[in-house]
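Taking it in order: structure first as structure tokens, then the write-up.
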Amino acid sequence: MLKLVLTDLDGTFLNSTGHFDHELFASIKSKLDNKEIAFATVTGKQAERVEELFNDEKKDIWILGDSATRIKLNGDYIYESLLPNEIGKMIIKTLKEHFPDTAVIAVTKHAANIERDVSETDKKIIRGSYAVVKPIRNVLDITDDFVKITVFDSKKRAFNIIEAIKKYNDKAFMVASEDSWIDITNFNVHKGTTVSKLQDILNITREETIAFGDGYNDYEMYDQSGISFAMSNAFPEVKEKADWIIKSNDENAVLTTIEKILFLLT
């Protein structure tokens, strides 16, 4: 029996312009609610940004935001796992030393902190994922623990950057979701572990869960799902890992697939 639907956002639920069909979603969410099936977004986006995207439809949506380091429901945080400040700063120092031209987004409980000299072009892209952005002089001045650290590289060197910081693999979880983005979270905290936490909260099993994704950071979410779906626009390796391949994010594929599954459950 289906009890939980998980979906990544960028490249999966959201189309290429960062939007989704609100009318179709409202209809499907109502059907999910009637069948007591939970709906959760599992995303690198800041939880507040997810709330902005769903706006009036955000009620009762589980948000596994900030690279799934936090679980939020109806405005309240249910769970979070933070990257210790000392470890985060070690990684940032290495990034600054080897890749000083990247944009480092140091996310704390209060804001996504970026340095003031980040280009306006990069700032615009960053604000697509973060609702609360705070420009500061130096991210190394931060004294709080980190919700996560994200690297945006307009030169598309994410996989090279991951290689350069791999010495921290025993201290943090690091993944390049694509060639421009890297997410760094607390050790062994990723989409899979936080989905497992949500399943425990809801008393739902892996077999009662389905998941939709498109990027390398969705692997662990797939592992925690009974059935996994990859978008036709997903990376080839992601398609190989998924159980099913569906249409693209520009074709409402997540929503239309859920709609078909619900029809089969009637």
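The values are calculated or read from the model by the stated rules, or taken from the named source; none is laboratory data. The shown structure was predicted, so the numbers you read here are calculated from the model rather than taken from an experiment. Ligands, DNA and RNA are stripped out before the accessible areas are found, and what is left, the full protein with its side chains, is counted by its heavy atoms. Shrake-Rupley method; radii C 1.70, N 1.55, O 1.52, S 1.80 Å.
Things to note:
- Candidates PRO135, PRO100, PRO84: whichever shows maximal mean-square fluctuation once the chain is modelled as a Gaussian network with Cα springs under 10 Å: PRO100
- Accessible carbon and sulfur surface of the chain relative to its total accessible area, %, 1.4 Å: 48
- Helix 85-98 axis, angle to the chain major axis (alpha carbon atoms, nearest 10°): 70
- J(HN,Hα) series, the range 180-187, from Karplus relation 6.51 cos²θ - 1.76 cosθ + 1.60, nearest Hz, glycine and proline x: 10, 10, 10, 10, 10, 10, 4, 3
- Most mobile listed residue (ARG157, ARG137, ARG127) in the chain, GNM with C-alpha springs under 10 Å: ARG137
- Computed 3J(HN,Hα) for the range 123-133, one whole-Hz value per residue from the Karplus formula 6.51 cos²θ - 1.76 cosθ + 1.60 where θ = phi - 60°, is 4, 5, 5, 4, 5, x, 10, 10, 8, 10, 10, glycine and proline marked x.
- For the options ASP250, ASP141, ASP223, a Gaussian network treatment of the chain with springs between C-alpha atoms closer than 10 Å singles out ASP141 as fluctuating the most.
- Counting DSSP beta bridges with both ends in the chain, the antiparallel % (nearest 5): 50
- Relative contact order of the range 86-215, pairs being alpha-carbon contacts under 8 Å that are 6 or more residues apart, as %: 22
- Helix axis angle, 191-202 relative to the chain longest principal axis, alpha carbon, degrees: 50
- Residue-normalised accessible area of the range 152-192, given per residue in Å² at a 1.4 Å probe: 46
- Using every pair of distinct Cα positions in the chain, the Kirkwood expression returns a hydrodynamic radius of 18.6 angstrom.
- Taking the chain and dividing mean pair separation by its residue count, relative contact order in percent (alpha carbons under 8 Å, at least six apart): 21
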